[in-house]
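See below for the structure under consideration.
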Amino acid sequence: MSLMNTDLHSSLKKYFGFSKFKGLQEDVIQNILSGNDTFVIMPTGGGKSLCYQLPAIMEEGTAIVVSPLIALMKNQVDAIRGISEQHGIAHVLNSSLTKTEVRQVKEDITKGVTKLLYVAPESLTKEENVDFLKNVKLSFVAVDEAHCISEWGHDFRPEYRNLRGIINRLGDNIPIIGLTATATPKVQEDIIKNLGMTDAKVFKASFNRPNLFYEVRPKTKDVDADIIRFVKQNQGKSGIIYCLSRKRVEELAQVLQVNGVSAVPYHAGFDAKTRSKYQDMFLMEEVDVVVATIAFGMGIDKPDVRFVIHHDIPKSIESYYQETGRAGRDGGEGHCLAYYAYKDVEKLEKFMSGKPVAEQEIGNALLQEIVAYAETSMSRRKFILHYFGEDFDEENGEGADMDDNSRNPKPKEEAKEQVVK
Ligand code: ADP
Ligand code: MG
């Protein structure tokens, strides 16, 4: 089935209220509507959900959406119902539903009302659900956050490995749509292999964030003073400072407060009430700075974060990209500053030493890449994008002069000596 562009646009307007597609959305949707397997790689915020939501609404039958987080699913279902003003159009099927609720969901699916059925992989593996779903009309299966299938991704979920087998049981030739914001070639290979989608058409958006400025500074014992100076030079602007440990988070937040910077700490050791209080203070701009562990940030959408500082080097380029990606969402400036000392790398290696060997090997390989990033004298943007399998023209590409190395090229040897080992 191929649709005229005007139909697509009017449906986009009708169901989502948007007048234009973003990036590759329209091509992706055309491909899904023609019944092909589709692989979508777009950065966070790129608009991946709409790529399966719109065709699901337009096609006959129900689309199954596999997603790892119940909270994420609930948000999406509420949003879809809000726009469409149609109750049964989207449902979540999970273990928290009562028997009556499950019956209602199944009724809506059988009647053909439900266009989107969100499930966690562990619900999809349940026999009773497989038995039900193989007897209803399905349009396609979308696997969101598809990197969960790979041990090379940042969020490996073993249950994702069973998906292909289950999808086979649901019917013949059900199209699969895989979606992820993880751009590393290794993870992509894993997804294609495990979901058996070698014939899928791949849509990959650029991961370049031209408005972000990347900088690495050697980490000395004066790192706190350096951070205070940086924050004071950026007074009134919103920023996130990531630290590895909870203890460091609390210490640094206090040091900042003592020095007249309005800052709050955030880590998973605080109770839910305290966490949401600090988070709100940051979002409502009652404070400028949040000092946090990586527990902070998932789903935080503050468009005008002007800097992201890493007090400690993160565990992979992937994590660094995600965490710095919270800066400059509005397109305005975003300064990404990382402090680097080799002894911090050794600390991260030590953390891993208790884990299974396979996991350690992967962890160490990822760590070597971020070390190479910290020590490189080439364009940092080129380095990051190369890691994601993307070419970047460091002379004329968008954001070509937006990193320390490109602004102030250094002879290689000198750059190395500056790094504190
Ligand atoms: P991703 O899953 O890729 O991280 P989302 O699907 O959550 O991104 O979408 C990010 C934001 O972009 C959402 O607020 C969504 O409403 C918005 N969005 C998606 N498509 C469009 C569009 N065509 N026009 C305007 N906004 C859009
Ligand atoms: Mg998403």
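Whether any residue in region 33-43 is modelled with pLDDT of 95 or more, aliphatic (A, V, I, L, M) and away from ligand 2 (no atom under 16 Å from the Cβ) is what I want to check.
Yes: one or more hits.
State the number of residues belonging to region 363-380 that are farther than 14 Å from residue 215 by Cα and outside any helix (DSSP H, G or I).
0
In region 68-91, is there at least one residue being near ligand 1 (Cβ under 9 Å from one of its atoms), touching a strand residue (DSSP E or B) at 6+ places or on another chain (Cβ under 8 Å) and under 26 Å from residue 206 (Cα atoms)?
Yes: one or more hits.
What's the number of the condition residue 65 fails, among (1) under 26 Å from residue 197 (Cα atoms); (2) in contact (Cβ under 8 Å) with a residue 40 or more places away in the chain; (3) of a type outside the set (S, T, N, Q); (4) out of contact with any Phe, Trp or Tyr (no Cβ under 8 Å at 6 or more places or on another chain)?
Of (1) under 26 Å from residue 197 (Cα atoms); (2) in contact (Cβ under 8 Å) with a residue 40 or more places away in the chain; (3) of a type outside the set (S, T, N, Q); (4) out of contact with any Phe, Trp or Tyr (no Cβ under 8 Å at 6 or more places or on another chain), only one is false for residue 65: (4).
Would you tally the residues in region 246-292 being within 21 Å of residue 228 (Cα to Cα), hydrophobic (A, V, I, L, M, F, W, C) and touching a helix residue (DSSP H, G or I) at 6+ places or on another chain (Cβ under 8 Å)?
11
Within region 148-170, work out how many residues are touching a Cys at 6+ places or on another chain (Cβ under 6 Å) and either basic (Lys, Arg) or over 30 Å from residue 135 (Cα atoms) (or both).
Here the count works out to 2.
Being touching a Pro at 6+ places or on another chain (Cβ under 6 Å) and surrounded by 15 or more Cβ atoms within 10 Å (Cβ to Cβ) narrows it down to one residue among 213, 296, 207, 230; which is it?
Exactly one residue qualifies, and that residue is 207.
Just name the residue that is modelled with the lowest pLDDT out of those in region 155-182 that are within 16 Å of ligand 1 (Cβ to nearest atom) and in a loop (DSSP other than H, G, I, E, B).
155
Using the structure shown, decide if residue 22 is over 29 Å from residue 94 (Cα atoms) and over 23 Å from the mean Cα position of the chain (by Cα).
no
Name the residues in region 189-201 that are more than 16 Å from ligand 1 (Cβ to nearest atom) and on the phi < 0 side of the Ramachandran plot, would you?
Hits for region 189-201 are 189, 190, 192, 193, 194, 195, 197, 198, 199, 200, 201.
The conditions are (1) assigned to a helix (DSSP H, G or I); (2) among the small types (Gly, Ala, Ser); (3) in contact with a Pro (Cβ under 9 Å, 6 or more places away or on another chain), and residue 338 fails exactly one of them. Which is it?
(1)
What is the residue count in region 283-293 for residues that are surrounded by 18 or more Cβ atoms within 10 Å (Cβ to Cβ) and either among the acidic types (Asp, Glu) or within 16 Å of ligand 2 (Cβ to nearest atom) (or both)?
Summing the residues that are surrounded by 18 or more Cβ atoms within 10 Å (Cβ to Cβ) and either among the acidic types (Asp, Glu) or within 16 Å of ligand 2 (Cβ to nearest atom) (or both) in region 283-293 gives 1.
Tell me which residues, restricted to region 131-154, are away from ligand 1 (no atom under 16 Å from the Cβ) and surrounded by 16 or more Cβ atoms within 10 Å (Cβ to Cβ).
Passing the criteria: 132, 133, 136, 138, 139, 140, 141, 149, 150, 152.
Let's see how each residue does on (1) more than 16 Å from ligand 2 (Cβ to nearest atom); (2) out of contact with any strand residue (DSSP E or B) (no Cβ under 6 Å at 6 or more places or on another chain); (3) within 21 Å of residue 68 (Cβ to Cβ); (4) touching a residue at least 12 places away in the same chain (Cβ under 8 Å):
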{"position": "116", "(1), (2), (3), (4)": "no, no, yes, yes"}
{"position": "125", "(1), (2), (3), (4)": "yes, yes, yes, yes"}
{"position": "130", "(1), (2), (3), (4)": "yes, yes, yes, yes"}
{"position": "146", "(1), (2), (3), (4)": "no, no, yes, yes"}
{"position": "159", "(1), (2), (3), (4)": "yes, yes, yes, yes"}
{"position": "172", "(1), (2), (3), (4)": "yes, yes, no, no"}
{"position": "191", "(1), (2), (3), (4)": "no, no, yes, yes"}
{"position": "203", "(1), (2), (3), (4)": "no, no, no, yes"}
{"position": "215", "(1), (2), (3), (4)": "yes, no, no, yes"}
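For residues that are touching a residue at least 40 places away in the same chain (Cβ under 8 Å), assigned to a loop (DSSP other than H, G, I, E, B) and surrounded by fewer than 21 Cβ atoms within 10 Å (Cβ to Cβ), tally how many sit in region 239-282.
Result for region 239-282: 2.
Of the residues that sit in region 194-204 and are surrounded by 15 or more Cβ atoms within 10 Å (Cβ to Cβ) and among the charged types (D, E, K, R), which one is nearest to residue 140 (Cα to Cα)?
Here the answer is 201.
The values are calculated or read from the model by the stated rules, or taken from the named source; none is laboratory data. Note that the coordinates shown come from a computational prediction; the quantities given were computed from them, not determined experimentally. Counting neighbours? That spans all protein chains shown, and the Cβs are built from the backbone with ideal geometry, glycine included.
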